[in-house]
1. State all residues of segment 287-309 that are within 21 Å of the chain's Cα centre (by Cα) and more than 9 Å from the ligand (Cβ to nearest atom); if no residue qualifies, say none.
2. I'd like the residue in segment 325-357 that is within 12 Å of the ligand (Cβ to nearest atom) and touching a strand residue (DSSP E or B) at 6+ places or on another chain (Cβ under 6 Å) and, out of all such residues, is nearest to ALA213 (Cα to Cα).
3. Based on this model, can you work out whether ASP58 counts as of a type in the set (D, E, K, R), surrounded by fewer than 21 Cβ atoms within 10 Å (Cβ to Cβ) and in a loop (DSSP other than H, G, I, E, B)?
4. For segment 330-388, please list each of the helices (runs of 4 or more DSSP H) lying entirely inside it that holds at least 2 residues being open to solvent by 10 Å² or more (accessible area, probe 1.4 Å).
5. Filtering segment 310-324 down to residues that are open to solvent by less than 10 Å² (accessible area, probe 1.4 Å) and free of Cβ contacts under 8 Å to residues at least 60 places away in the same chain, which residue is nearest to the ligand (Cβ to nearest atom)?
6. Inside segment 138-165, can you point out the residues that are assigned to a helix (DSSP H, G or I), open to solvent by less than 30 Å² (accessible area, probe 1.4 Å) and under 19 Å from PRO54 (Cα atoms)?
7. List pairs: first in segment 229-254 and of a type in the set (Phe, Trp, Tyr), second more than 7 Å from the ligand (Cβ to nearest atom) and in a helix (DSSP H, G or I), Cβ under 9 Å, 6+ apart or cross-chain?
Amino acid sequence: MSLKFKEPAPITDHLNPLESMMQRFDEAANILGLDESTYNALKSPEKAVIVSLPVTMDDGKIKVFQGYRVVHSSKLGPSKGGIRYSMGVNLDEVKALAAWMTWKCAVVGIPYGGGKGGIQCDPRTMSDGELERLTRAFTGAMRDVFGPEKDIPAPDMGTNPQTMAWIMDEYSKLVGQASPAVVTGKPLVLGGSLGRVEATGRGVMVSTRSAMAKLKMTPTQCTCAVQGFGNVGSISAKLIEQQGVTIVAISDVSGAYYNPDGLNVEEAIEYVTKHKSLDGYKGGNMITNEELLELDVDILVPAALEDQITEENAGRIKAKLIVEGANGPTASTADKILDEKGILVVPDILANAGGVSVSYFEWVQNRLGYFWTEERVNRRADRIMKLAFDNVYKTSKKHKCSMRTAAYVVAIEKVADTLKLRGIF
Ligand code: NAD
């Protein structure tokens, strides 16, 4: 019998997210002088669950999917992290992303550990019914892993508020009571939070504003290029523009658009709402995505994919400030080159943590049974992001290291201290 399903994409050395994360972890662990037992405890995930999920497809046949959930750490609180539906999902990737969540939550000081999950599937080729059955099967299989006090999923690549609604419904049925706090990123009507949609981009803007102040950059005299024009990129561009910065380039999968006099971000967002992508957008001249990264701008916001800034192009980057809206847009091999050029990089685990901060607020509101206004959500999220930025900046000055290493230092120190206080050893 021939194999009908595609093998997951192989991970090349250069792109392996686990290795990339560990390089940064090791650098911070050295600065902190972590002892070997703490190092080993923090490196290994607490739990990795692999499940096989038989699902009846629309044609009546049964297909078996592989599902994963990794709890990297629950030392600071219940583990938190998204669920990814993609053909490329594999255990190594989920482990790296789970650890990433531990550091992200710790760096912004929210009481969560880190987790991540995924199912190896291609959601674009599946019907809503198939996706619903798959999601409910996964929730059933993870019944003992998930829980409002244990492990709280959220959307990630290939999943959305509807997926979270199915998880919430299935989990509530299994435990026999309404449990909205078991997932975040739910539709508003099911207990989602106001402000969640804009939260990541808003955090990117707060990080950009804080970094500009440290570098004594005057917003009205600054230009910015944004790679990616989805949720994070478009909202970041809109809010950074509102700070007085001129957005000269934006891009998406259709290409990049450059206008040295400045683009109108609101108009570009309206264009994408209508046409689904920037394809055909006339607000700027077309350049390549590679050219966008190397533009002579003050600020660069990569908000699309992993590994966009590499050892190959890092030397040509002209921005003074890079704010990482995406997860992992800079390959670890490029870190040193950017540092030597004196570019301030606000790392992903800090810059895009506005999303998980408002997910935390969603969980708090679900447990309170009381909902906040958008103004309150934004004010509290801005405060978290500002405090976290200042803490990481201060740490980078203290240890004379990059903001990225400093963010890992802050996060690892916090989790290591908790480990010691709780007396796990
Ligand atoms: P999204 O799907 O809404 O948008 C992705 C954008 O990137 C789209 O505009 C797409 O066209 C563009 N893109 C894809 N390939 C590209 C390419 N080769 N060149 C240029 N643009 C390309 O996704 P999102 O939610 O905005 O997430 C973007 C990044 O931010 C991801 O790395 C994600 O993990 C990270 N992130 C998202 C959140 C969140 O709350 N949404 C939170 C933290 C981190």
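The values are calculated or read from the model by the stated rules, or taken from the named source; none is laboratory data. Nothing here was measured: the structure is a model prediction, and the numbers come from that model. Neighbour counts are summed over all protein chains in view; Cβ atoms, including those assigned to glycine, are modelled from backbone coordinates with ideal geometry. Heavy atoms of the whole protein, side chains included, go into the accessibility calculation; ligands, DNA and RNA do not. Shrake-Rupley method; radii C 1.70, N 1.55, O 1.52, S 1.80 Å.
1. Result: LEU293, ILE299, LEU300, VAL301, ASP307, ILE309.
2. Only one residue fits best here, namely ALA351.
3. yes
4. On the way: elements: 332-340, 348-351, 354-368.
Qualifying helices (runs of 4 or more DSSP H): 332-340, 354-368.
5. First, pick out the residues of segment 310-324 that are open to solvent by less than 10 Å² (accessible area, probe 1.4 Å): 314, 317, 319, 321-324.
From the residues that got through so far, the ones that are free of Cβ contacts under 8 Å to residues at least 60 places away in the same chain too are 314, 317, 322, 324.
Details: ALA314: 17, ILE317: 16, ILE322: 14, GLU324: 9 Å.
Top of the filtered list is GLU324.
6. Filtering segment 138-165 down to residues assigned to a helix (DSSP H, G or I) leaves 138-141, 161-165.
Still in the list and also open to solvent by less than 30 Å² (accessible area, probe 1.4 Å): 138-139, 163-165.
Once the filter is applied, which keeps residues that are assigned to a helix (DSSP H, G or I), open to solvent by less than 30 Å² (accessible area, probe 1.4 Å) and under 19 Å from PRO54 (Cα atoms), segment 138-165 yields PHE138, THR139, THR163.
7. Final answer for the pair search is PHE229/ALA237; PHE229/ALA268; PHE229/ILE269; PHE229/VAL272.
Yes/no per residue for (1) in the same structural domain as PHE389 (by TED's automatic domain parsing); (2) modelled with pLDDT of 95 or more; (3) small (Gly, Ala, Ser); (4) under 29 Å from LYS397 (Cβ atoms):
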| residue | (1), (2), (3), (4) |
| --- | --- |
| LYS216 | yes, yes, no, yes |
| THR220 | yes, yes, no, yes |
| GLU241 | yes, yes, no, no |
| GLY244 | yes, yes, yes, yes |
| ILE250 | yes, yes, no, no |
